[in-house]
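For reference, the structure discussed in these notes is given below.
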Amino acid sequence: MAYIRGDQIAIYASSFIPAKVMFHFTLALVLLVNRLIFRLKIEGREQLQRVSSALIVSNHTLVLDPGIIAQVLRPQRTHFTMLEETACIPLLGTFVRLLGAIPIPAGSNSVRILERTLRAGLHELPFVHVFPEGECYLWNQEIKEFQPGAFYLACRLRLPVVPITTVLHRRRWLGRASFCFAGRRIRIPPQVTVVIGEPVYPDGTAERSLKREAMEMSREIRSVMQRAIDQQGGSKSISRGRMARLALQQAQPGGQSRECGTGNRLPG
């Protein structure tokens, strides 16, 4: 059954047999794609052993980013925030929810709704993943400004934030970065290195408001992730711009993105 607006946003426990079967079957396919197409390398796995539960943030630069993050975190599983509109699509919505995705309703209460859900469910899936850029910028290696909502959530829940940076390296085949097939130009997929950073903990001091703490944490972690890209030599000339689907949403009346699945806005 597809998600309907107003439904409970997390309904499948990690022990739910169809969810377990779907997750492991899908992950097997993802492992194959990551090895053959992206030649995935992972650095810093030991950082995940330092936390029992955490908020995971990463830059959003590939359509298959959730699959890459799932491989990085295995054998642990995670909640992935997602567009409410995606969850409403029959079959697809049910499929992604079985994999652990959580649809976040639009509006100023989205962070509080997610907070209530996670307080009740962190014992089931101790990690929650957010793309704080809010949209997918294909092959981009200049991280966009972070929205503070995810970090506000971390401060509210007193969760450490683990930055995971996707670094892309240009690849060539027979000296070429692209080739023509069936009248279309196909780019050679980049080689991917994932860098897992040290956990960043909320300050917890009374001198600052949670909103200010969230803003400062978002800037700090964005800086850490951009530095990881620079140190790894990420290719900054291969960016393909904002993913088309999200660009169409950006053009809707009001000029605001409907990327609600990231918990971006701070409560008023």
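Gain in length, L174 to C88, computed as 0.36 nm per residue apart minus the alpha-carbon separation, to one decimal in nm?
Numbers: separation 86, 0.36 × 86 = 30.96 nm, distance 4.35 nm.
In short, 26.6 nm is gained.
Can you sort H24, H169, H129, H60 from fewest to most other Cβ atoms within 10 Å of each residue's own Cβ?
Details: H24 11, H169 16, H129 28, H60 25.
Ascending Cβ contact count within 10 Å gives the list H24, H169, H60, H129.
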Self-check item: Label-point gap, in nm, between R119 and S237 - each point 7 angstrom along Cα→Cβ
Solution: 5.2 nm
Exercise. Arrange the following residues from fewest to most other Cβ atoms within 10 Å of their Cβ: M243, M217.
Key: M243, M217
Quiz item: Which of R74, R158 comes first, and how do the rest follow, when ranked by fewest Cβ neighbours within 10 Å?
Solution: R158, R74
Quiz prompt | Cβ charges +1 (Lys, Arg) and -1 (Asp, Glu), total dipole of segment 17-250, debye | solution = 860 debye
Exercise. Assuming a ≥ b ≥ c are the square roots of the Cα gyration tensor eigenvalues, decide whether segment 73-166 counts as rounded (a/c under 1.5), prolate (otherwise, with a/b larger than b/c) or oblate.
Key: rounded
Exercise. Measure out, as a whole number of angstrom, how far apart the alpha-carbon centroids of segment 174-233 and segment 66-110 sit.
Key: 20 Å
Quiz item: Where Rh denotes the Kirkwood radius from the mean inverse Cα pair distance, what is Rg over Rh for segment 93-136?
Solution: 0.96
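Between their Cα atoms, which of K20/K41; K41/K211; K144/K211 are more than 28 Å away from each other? Let's see the in-between values first.
On the way: K20/K41 25 Å; K41/K211 35 Å; K144/K211 20 Å.
Listed pairs above 28 Å: K41/K211.
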Exercise. Report the Stokes-Einstein translational diffusion coefficient (µm² s⁻¹, integer) for segment 17-250, Rh taken as the Kirkwood radius over Cα pairs, at 25 °C with viscosity 0.890 mPa s.
Key: 132 µm²/s
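Since every read-out is calculated from the coordinates, none of them should be taken as a lab result. Quantities reported herein were computed from a predicted structural model and do not represent experimental measurements. All Cβ positions, even for glycine, are placed from backbone atoms using ideal geometry, and neighbour counts span all protein chains on display.
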